[in-house]
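Please read the structure below before turning to the comments.
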Amino acid sequence: MKMDRLLGIIMMLVNRRMIQAKELADMFEVSVRTIYRDVDTINQAGIPVITYQGVNGGIGIAEGYRLDKNLLTNDELAAIVTALQSVSTTHPSRGNQVLLEKMNSFIPEAHAEAFHFKTKQLFIDFSPWGHTPWLEDAITLLRAAIEQRKHVSFTYCSANGDRTSRTVEPYTLVLKSQKWYLYAYCNDREAFRFFKLFRIKELQAKDTMFTRQDIDLQELPWDNRRNDEDLRLQMKLRFDEKIKHMAEEWFGAESLQEEERGKYVVQVSFPEDNWLYGFILSFGQHVEVIEPAHLRNKIKQMVDEMKSIYET
């Protein structure tokens, strides 16, 4: 990720008087051209990085400039290390490993034991169960395409089973609810779209490049539609006591209202789609849709169709 790389480059320059761009490129597994773009970004942030020409040249921070190593407290450094360790569970990167080592080098030996204790108090493992090499390959390809601003093409299978061919401008990879997604501008639909990686088939990188639009990813634009109350279905669900703990995990204990002994009701809203139907069915016979009527009928129809399979 670019932010990790920028921080890593800065830390390398703080600890070393000069380093060659090729060494940085190899360390972070990017091109030399990308490293020079990163140097421009660091300069724009106010840290004077200078490129020295010649056989013994390289990249270094301007003489006389000092970046305070105490700019971050040990608690703040521990939080960054914890975040980097968590990110590394999703997609191992030598660059992240180097950055972790550099972060650790900032800690005086006398404080090392206490610092490492802080970094072991919380560990967030985003990786899926089992080994998924195809997912790692897809993430590697997409990260390279995002970095190089190159189109990618693939066959996409929608939640309804429809297959379409897409060519997109990849913007960012998103890990949401333990699932990987690609947020990209779809040239076929002429709009931004959110693609689940598990539904992407025949993924290929193209030679053509695109100009990245200036969008604010901090606003989580992929959530806009799902958070639109006009597009969300208001529901009333009844759970029995056997799975009360599961309902509490999803909706919060305070949202469940005891209707009668052993029965609990919750009122929630979700966009109505195939995911919602599957979500309700995942609770089996321990949930009942009370409202709205059309959703209740839809779930009953699906249950009847499932039952007919086993009666033949």
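The values are calculated or read from the model by the stated rules, or taken from the named source; none is laboratory data. Here the structure is a predicted model, which means the values were calculated and not measured. Note that we place each Cβ from the backbone using ideal geometry, even for glycine, and neighbour counts take in every protein chain shown.
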Test for Ile215: is it touching a residue at least 24 places away in the same chain (Cβ under 8 Å), over 24 Å from the mean Cα position of the chain (by Cα) and outside any strand (DSSP E or B): no
Inter-residue pairs, beta-carbon under 9 Å, first outside the structural domain of Ile35 (by TED's automatic domain parsing) and closer than 16 Å to Asp38 by Cβ and in region 13-25, second exposed (fewer than 15 other Cβ atoms within 10 Å of the Cβ) and among the charged types (D, E, K, R), 6+ apart: none
Only one of Leu182, Leu175 that is at pLDDT 90 or above, among the aliphatic types (A, V, I, L, M), outside the structural domain of Glu29 (by TED's automatic domain parsing) and closer than 26 Å to Glu29 by Cα: Leu182
Inter-residue pairs, beta-carbon under 9 Å, first closer than 18 Å to Arg16 by Cβ and in region 36-56, second modelled with pLDDT under 85 and of a type in the set (Phe, Trp, Tyr), 6+ apart: Asp38/Phe28; Ile47/Tyr65; Pro48/Tyr65
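Name the strands (runs of 3 or more DSSP E) wholly inside region 241-312 in which the number of residues that are touching a residue at least 12 places away in the same chain (Cβ under 8 Å) and within 29 Å of Cys157 (Cα to Cα) is 2 or more.
On the way: elements: 257-260, 263-271, 287-291.
In region 241-312, 263-271 are the strands (runs of 3 or more DSSP E) which contain 2 or more residues that are touching a residue at least 12 places away in the same chain (Cβ under 8 Å) and within 29 Å of Cys157 (Cα to Cα).
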Test: Val39 is at pLDDT 80 or above and either buried (at least 18 other Cβ atoms within 10 Å of the Cβ) or part of a helix (DSSP H, G or I) (or both): yes
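Does Glu190 qualify as being outside the structural domain of Ser282 (by TED's automatic domain parsing), at pLDDT 90 or above and under 27 Å from Glu147 (Cα atoms)?
Numbers: outside the structural domain of Ser282 (by TED's automatic domain parsing): yes; at pLDDT 90 or above: yes; under 27 Å from Glu147 (Cα atoms): yes.
Yes; evaluated as a whole, the condition is true for this residue.
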Positions within region 155-202 being among the acidic types (Asp, Glu) and closer than 24 Å to Asp214 by Cα, in sequence order: Glu169, Asp188, Glu190
